[in-house]
Structures are given as C-alpha cells and as structure tokens.
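Asks: Questions regarding the structure given below will be posed in turn.
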Amino acid sequence: AQKVTQAQTEISVVEKEDVTLDCVYETRDTTYYLFWYKQPPSGELVFLIRRNSFDEQNEISGRYSWNFQKSTSSFNFTITASQVVDSAVYFCALSGQGGSEKLVFGKGMKLTVNP
Amino acid sequence: GAGVSQTPSNKVTEKGKYVELRCDPISGHTALYWYRQSLGQGPEFLIYFQGTGAADDSGLPNDRFFAVRPEGSVSTLKIQRTERGDSAVYLCASSLWDRTPGANVLTFGAGSRLTVL
C-alpha cells in the first residue's frame, strides 16, 4: 500500500534561513506521481509541484527546489532564504496505488518563519 | 467561479443530526474530490467523481456518508446520524482531467469545518 512519511512535524526558523522538508514514500508501483502542497492558515491547500517517477531531475522554482531520489524513495523540498509568508503546513503526497486518483498524503510539516 | 467554493465554512451540529456540505468546483473541471482532514493530520481521501458518476468511493468510512453530483458540477456530501468522530474539516477539490492515471493536479477549496457536539 502507498505510504508517505514526513518525519518532521514542526520546524521554526528565522527569516532568510534555508530549510529542507523531508518526505519519504513507499510504493510498489513502478509508475507514480509525487506532489507537494502548501496549506497556509487560510486552509486551502495550494499545489506546488508534481513529479513523475521517471523524472529524477531536480527542479528549481525561484526560492523553492525539490530533490527527488528514487534510490532512497525521497522527495525533499528546500526553501532558500525563507520568508514569513512561507509559514504554512506543507504536505507531501503520492498518487494512489495502481494509478488510482486517491492521493495519499503525509501528516504534514508545520513551518514557522519568524522575522 | 475563480476557485473551488465550499459552504458552509463552519457547521456545528448535534450528535445524530443530518448534515449536508456543498462544493462548487472550478468551471470546466470534470473531476471532483472529497477529502477529510482531522486535526494534525493530512487529508484523507473519501470519494471522487468523474462527471456525474462516483468513480471511486472506497474512502467513504461507512454507509452514513454519501455524496452526489447530479449535473456534473456542484457536489453535496451528506452525512447521516452524525457522530462526534465525524468532526473534521471536509475538503473539496476539483481538477481538469489528466488521462494519465494518478497525475491530476487538484485545486482545493478552503474546506467546511464540521463540529459534532
């Protein structure tokens, strides 16, 4: 069965620090998708990135970067030079078993960026 | 609409009562999903619709939960004989349909917070 583990539950940093959010997943599928979503205090989950299992190239988008390593079943997310607006709960998610549409989410990691 | 709209944003009810939660997806999004999020947890899948039909309802916890989407747009999640354990935030999401299995990118609403006393 699909499983996503976000070992860190809460992190607090000072503005401009870099922070990495860990995500480890389990699946027997050879084809799957990984996602990161952000949930700010307003409550709406916001899509950040989707990565398929065949594309291990790291991705950078502004201050955000993602490191996908199949060998360790990890899909980590780094925020460079964090800002107060980055404060939110971040969720890693995995596509459902056999390509099912039911996303499996981790428990989330609450990031607090202090000024 | 511009985003996924959910009503009510907050609902307080008594144990045993019937509750309806409404979701209005983004116009043109054929896929609609319901998830439930308990405090300190990630969202858990309940059901998803492709058009009017429930394509996968395997996440509904029991037969007290039911969802409909009669015209392929607005959806209603219905909970009968509510229990205290049903208290959670119910999230609705919609997506354009990506034919690649498991690849759909979801746009979520702000959720309906249900409290059962």
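The values are calculated or read from the model by the stated rules, or taken from the named source; none is laboratory data. As the structure is a computational prediction, the values presented were derived from the model and not from experiment. Don't worry about glycine lacking a Cβ; one is built from the backbone with ideal geometry, like all the others, and counts go over all protein chains shown. Remember, those area values only see protein heavy atoms, side chains included, never the ligands or the DNA or RNA. Shrake-Rupley method; radii C 1.70, N 1.55, O 1.52, S 1.80 Å.
Asks: Counting just the residues of region A:18-28 that are over 17 Å from A:Val89 (Cα atoms) and outside any strand (DSSP E or B), which one comes out most open to solvent (accessible area, probe 1.4 Å)? Break it down into steps so the answer makes sense when it comes.
Replies: Here is the first cut: in region A:18-28, the residues over 17 Å from A:Val89 (Cα atoms) are A:25-28.
Still in the list and also outside any strand (DSSP E or B): A:27-28.
Working: A:Thr27: 39, A:Arg28: 221 Å².
Here the answer is A:Arg28.
Asks: Any idea which of A:Glu44, A:Glu10, A:Glu15 is away from chain B (no Cβ under 14 Å) and of a type outside the set (Lys, Arg)? Spell out how you get there, then give the answer.
Replies: Numbers: A:Glu44 fails: away from chain B (no Cβ under 14 Å); A:Glu10 fails: away from chain B (no Cβ under 14 Å).
Result of the check over A:Glu44, A:Glu10, A:Glu15: A:Glu15.
Asks: Return the residue satisfying two criteria in turn: it lies in region B:58-109 and is surrounded by 20 or more Cβ atoms within 10 Å (Cβ to Cβ), more than 11 Å from chain A (Cβ to nearest Cβ) and small (Gly, Ala, Ser), and of such residues it is farthest from B:Ala2 (Cα to Cα).
Replies: This residue is B:Ala88.
Asks: When the residues of region A:103-115 are narrowed to those that are of a type outside the set (A, V, I, L, M) and away from every other protein chain (no Cβ under 14 Å), which ends up surrounded by the most Cβ atoms within 10 Å (Cβ to Cβ)? Spell out the reasoning first.
Replies: Initially, region A:103-115 is screened for residues of a type outside the set (A, V, I, L, M), giving A:105-108, A:110, A:112, A:114-115.
Of the ones still in play, those that are also away from every other protein chain (no Cβ under 14 Å) are A:112, A:114-115.
Details: A:Thr112: 14, A:Asn114: 11, A:Pro115: 7.
Residue satisfying both the conditions and the ranking: A:Thr112.
Asks: Additional query: Hey, could you check region A:69-102 for residues that are more than 9 Å from chain B (Cβ to nearest Cβ), polar (S, T, N, Q) and open to solvent by less than 20 Å² (accessible area, probe 1.4 Å) and say which is farthest from the chain's Cα centre (by Cα)?
Replies: Filtering region A:69-102 for residues that are more than 9 Å from chain B (Cβ to nearest Cβ), polar (S, T, N, Q) and open to solvent by less than 20 Å² (accessible area, probe 1.4 Å), the one farthest from the chain's Cα centre (by Cα) comes out as A:Ser82.
Asks: Moving to a separate point now. Restricting to region A:39-67, give me the number of residues that are within 20 Å of B:Phe108 (Cβ to Cβ) and among the acidic types (Asp, Glu).
Replies: 1
Asks: Same structure, new question: Looking only at region A:34-62, count how many residues are aromatic (Phe, Trp, Tyr), outside any loop (DSSP other than H, G, I, E, B) and open to solvent by 30 Å² or more (accessible area, probe 1.4 Å). Walk me through how you get there before you give the answer.
Replies: Residues of region A:34-62 aromatic (Phe, Trp, Tyr): A:35-37, A:47, A:54.
So of that shortlist, the ones also outside any loop (DSSP other than H, G, I, E, B) come out as A:35-37, A:47.
Checking the rest, the ones that are also open to solvent by 30 Å² or more (accessible area, probe 1.4 Å) come to A:47.
Result for region A:34-62: 1.
Asks: How many residues are away from chain A (no Cβ under 12 Å) and either in a strand (DSSP E or B) or small (Gly, Ala, Ser) (or both) if we restrict to region B:3-39?
Replies: 13
Asks: Working only within region A:41-68, note down all residues that are under 26 Å from B:Val89 (Cα atoms) and more than 14 Å from the chain's Cα centre (by Cα).
Replies: Step one: of region A:41-68, the residues under 26 Å from B:Val89 (Cα atoms) are A:41-50.
Within region A:41-68, A:Pro41, A:Ser42, A:Gly43, A:Glu44 meet the criteria.
Asks: Right, something else. Which fully enclosed strands (runs of 3 or more DSSP E) of region B:44-117 have 3 or more residues being at pLDDT 95 or above?
Replies: On the way: elements: B:44-50, B:53-56, B:65-68, B:75-79, B:88-95, B:112-116.
Fully inside region B:44-117 and qualifying: B:44-50, B:65-68, B:75-79, B:88-95, B:112-116.
Asks: Considering each residue of region B:40-55, count those that are out of contact with any Leu (no Cβ under 8 Å at 6 or more places or on another chain) and within 11 Å of chain A (Cβ to nearest Cβ), and give that number.
Replies: The total comes to 6.
Asks: Now for a separate question. Only one of A:Val4, A:Val13 is within 12 Å of A:Leu94 (Cβ to Cβ) and assigned to a strand (DSSP E or B). Can you tell me which? Let's see the steps before the verdict.
Replies: Details: A:Val13 fails: within 12 Å of A:Leu94 (Cβ to Cβ).
Just a single option satisfies the conditions, and that option is A:Val4.
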